[in-house]
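J.: My questions all concern the structure below.
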Amino acid sequence: MSLARIAPLALVAGCCGEAKQPAQPVVVIEPLRHDVHSFAAPARVAVKHLVLSLDVDFAQKTLAGTARLELERRDPGAAEVLLDADGLTVSGVVACDSKQALPFTLSPPAPVLGEKLAITLGEAACVEVTYRTGPDASALLWVEPAGTSGKQHPMLFTQSQARNARSWIPLQDTPGVRFTYEATIRVPAGLRALMSAENPAAVGPDGAWHFTMPHPIPSYLMALAAGDFAFRPIGARTGVYAEPALVDKAAWEFAEVDQMMAAAEELYGPYRWGRYDVLVLPPSFPYGGMENPMLTFLTPTVITGDRALVSLIAHELAHSWSGNLVTNSTWSDVWLNEGFTTYVERRIMERVRGAEHVEVEWYLSTQDLARMLREGGHDGKDPDSVLAQDIPVTRDPEDVSGGYAYDKGAWLLRTLERAFGRERFDAFLKARFDRRAFQATDSRAFEAEATAQLYGTADRTGLPDLRAWLHDPGVPMPVPEPIPPRVQLIEDQARAFVTAGTAISPRDWSTLDWVIFLRALPADITLARLQSLDAAHRLTATTNPEIAMHWLPIMVRADGKEAVPAIEEFLTHVGRLRMVRRLYLEMLQRPAWRELALSIFERAAPLYHPVTRGAIADAVGP
Ligand code: BES
Ligand code: ZN
């Protein structure tokens, strides 16, 4: 279904011509919005620098050690510093210099927020907390050797976004606070530690791994992994870490990363973080990618051998500007991170792969938006589709259906680009990245700067309604997007196959082409048709997880029981939330499949990261 059929026309694309007014400099000094999802009160005392020293204990499944927090007292009268914690056992707090014990209290846990760690400061401007992580730390996945590709060594990795850093470090866990950090990490001999920081080439003389992050970052970008990792350089400032058996394949798949960096720098100014490496994790990594600075964490499920899914790298790299450099000050404005990044990702891909390729991605994103709006109910006005959200304290920001932030956010920016012209819009974005570098911002500030610098005082007739885009539900998309030729070709084949059983010719199809084809199959396609497709193209047996994630739910819908072994295999190996959620949902809805879903989940849950485990448990219900 095209988006235009569900979202009424608001204006006509391409109508709006070029700049009406030269960009005006604007001085905006906004107080940051209060983040209800953190106990921190950074206007009084803020963390400026963190010195972390941790032992990684695979037997106990804990991190234990000290976090030393250097503070800035912004309110001279402030008597305490408020930190976030979640499940941490705090055994003591001392002033850094005098080593004198400081009084502290840890509140009982609150839902979503965790615990408030209040430390009485006295004269101290630096506190050292001795602690260990709890058994259910929401950021941590302890991977057994069986869950790795090498099967010999255990692995650990963190996922801190959105509010999970507090489960492994006591800190001010809000994206509005930035700090630099250093870390000393001890792991068992033979394993390597990696962080979102400058990574050393070798273990230190003291047997520990030492890290430095010289740029101020928000807490959700704190990241650590420990395991049997090898390294392959790609370019002079890029490379891949992965388990030894995967590292060459990964380096081949991601070889375009240097071109992506060059494209991003031409568009938005210098890459400010030094190196850009990626770390390929096991299939239990709960996301496609996570933009940990200097070291993106990645799912292996995008390594399909045809470089079809590497826009994921462009996305995580794009966060080096949108998100890591200019950051949403609360999760209510997550579109400022993800919508900007989705837009920047496609600008990068356009330069690297050409306009034709990227039009397919834009088109798929209108399909995604249409589907989200359809499934979100409220007559196309799903309240979650508001970009400038106000997520209440009772709601976990990670549970707010994230898709709108990505696709609606990106379409808002593309709509502005079309309205004001590329040259002018690019200058606006680049200036914004420069002016707000290493700072947090919010939707209100964006509205003000776009109004002042793009709209000016000129007549608004025919221009996008920025207020509606930001504050109203639904998507005021201008016109239906034309269907890209590649999509048309494949959808035509899908139609002929569905209606007449006409054989398809997928010899030159990439992973993305298969996705287009599978998405075009109607919900009521017969099992017999699917079986003939499977016989010809062996889809149930695919080792390509992106194809499997689209194919297997189709088989469930058609009650194709022969897919059960493949479904079991898939769900007990892949823990990427986006890949497993839809398959579980399809099964849970159907009485004949529900039991199977529950029994697979029972077996798979311990293999999943807490993020995936929690989301599927919610889908299962009480
Ligand atoms: N930062 C996100 C992942 C994330 C979002 C973690 C919200 C926790 C809460 C990352 O950059 C991302 O967007 N990943 C996507 C990639 C895709 C859109 C190209 C993913 O994991 O699927
Ligand atoms: Zn992202």
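The values are calculated or read from the model by the stated rules, or taken from the named source; none is laboratory data. Keep in mind the model is a prediction, meaning the values are calculated, not measured. Positions of Cβ are generated from backbone atoms using ideal geometry, with glycine treated the same way; all protein chains shown enter the neighbour counts. Just so you know, the surface numbers come from the protein's heavy atoms only, side chains and all, with ligands and any DNA or RNA stripped out. Shrake-Rupley method; radii C 1.70, N 1.55, O 1.52, S 1.80 Å.
J.: Let a ≥ b ≥ c be the square roots of the eigenvalues of the Cα gyration tensor of segment 417-562; is it rounded (a/c under 1.5), or, if not, prolate (a/b larger than b/c) or oblate?
T.: Details: a/c = 2.94, a/b = 2.56, b/c = 1.15.
Prolate is the answer for segment 417-562, as a/c is 1.5 or above and a/b outweighs b/c.
J.: For segment 36-226, report the translational diffusion coefficient in µm²/s to the nearest whole number, using Stokes-Einstein at 4 °C, 1.567 mPa s, and a Kirkwood Rh over Cα pairs.
T.: 77
J.: For segment 169-298, which semi-axes, largest first and in whole Å, follow from the square roots of 5 times the eigenvalues of its Cα gyration tensor? Present the calculation step by step, with values, prior to reporting the outcome.
T.: Details: eigenvalues 95, 87, 40 Å².
Working through the eigenvalues yields semi-axes of 22, 21, 14 Å.
J.: While we're looking at this one, here's another question. Can you give the relative contact order of the chain as a percent, counting alpha carbon pairs under 8 Å and 6+ residues apart?
T.: 15
J.: Could you quote the convex hull projected area for segment 355-498, Cα atoms only and averaged over all directions, in nm²? Present the calculation step by step, with values, prior to reporting the outcome.
T.: Values: hull surface 45.4 nm².
Dividing the Cα hull surface by four gives the mean projection, 11.4 nm².
J.: Would you work out what percent of the accessible area of the chain, with all protein chains in place, is carbon or sulfur (probe 1.4 Å)? Spell out each step's value before the answer.
T.: On the way: 13180 of 23950 Å².
Solvent-exposed carbon and sulfur of the chain make up 55 percent of the total.
J.: A further question on this structure: If the reach is capped at under 12 angstrom between alpha carbons, list the aspartates and glutamates near Lys99, excluding any in the same chain fewer than eight residues apart.
T.: Within the straight-line cut-off, Lys99 pairs with Glu128.
J.: How big is the Cα convex hull of segment 471-526 in projection, averaged over all directions, in nm²?
T.: 5.9
J.: Let me ask something additional. With the calculation restricted to Cα positions, what are the radius of gyration and Dmax of segment 318-413 in angstrom?
T.: Expressed in Å, the Cα Rg and Dmax of segment 318-413 come to 14.0, 44.
J.: What number, rounded to the nearest 500 deg cm²/dmol, is the helix-based mean residue ellipticity at 222 nm of the chain, given -39500 (n - 2.57) per DSSP H run of at least four residues and division by all its residues?
T.: Theoretical 222 nm ellipticity from helices: -10500 deg cm²/dmol.
J.: Additional query: Skip the ligands, DNA and RNA, and give the accessible area per residue of segment 355-436 with a 1.4 Å probe, whole Å².
T.: Computed with neighbouring chains in place, this is 39 Å² per residue.
J.: Just for the Cα atoms in segment 485-620, what are the lengths along the principal axes, largest first, rounded to whole Å?
T.: 42, 27, 21
J.: Output the peptides 441-450, 494-503, 342-351 sorted from most to least packed, where packing is the average of other Cβ atoms within 10 Å over each peptide's residues.
T.: Put in order of decreasing packing, that is 342-351, 441-450, 494-503.
J.: Considering all alpha-carbon pairs of the chain, what whole percent are spaced by more than 34 angstrom?
T.: Of the Cα pairs, 44 percent sit more than 34 Å apart.
J.: Heavy-atom accessible area per residue, segment 36-226, 1.4 Å probe: how many Å²?
T.: Solvent-accessible surface per residue comes out at 37 Å².
J.: Right, another one. Ignoring ligands, DNA and RNA, what accessible area per residue does segment 454-511 give at 1.4 Å, in Å²?
T.: It amounts to 49 Å² per residue over segment 454-511.
J.: Then there's this: Take His315, His537 and sort them by solvent-accessible surface of the protein heavy atoms, 1.4 Å probe, largest at the top.
T.: My answer, sorted largest first, is His537, His315.
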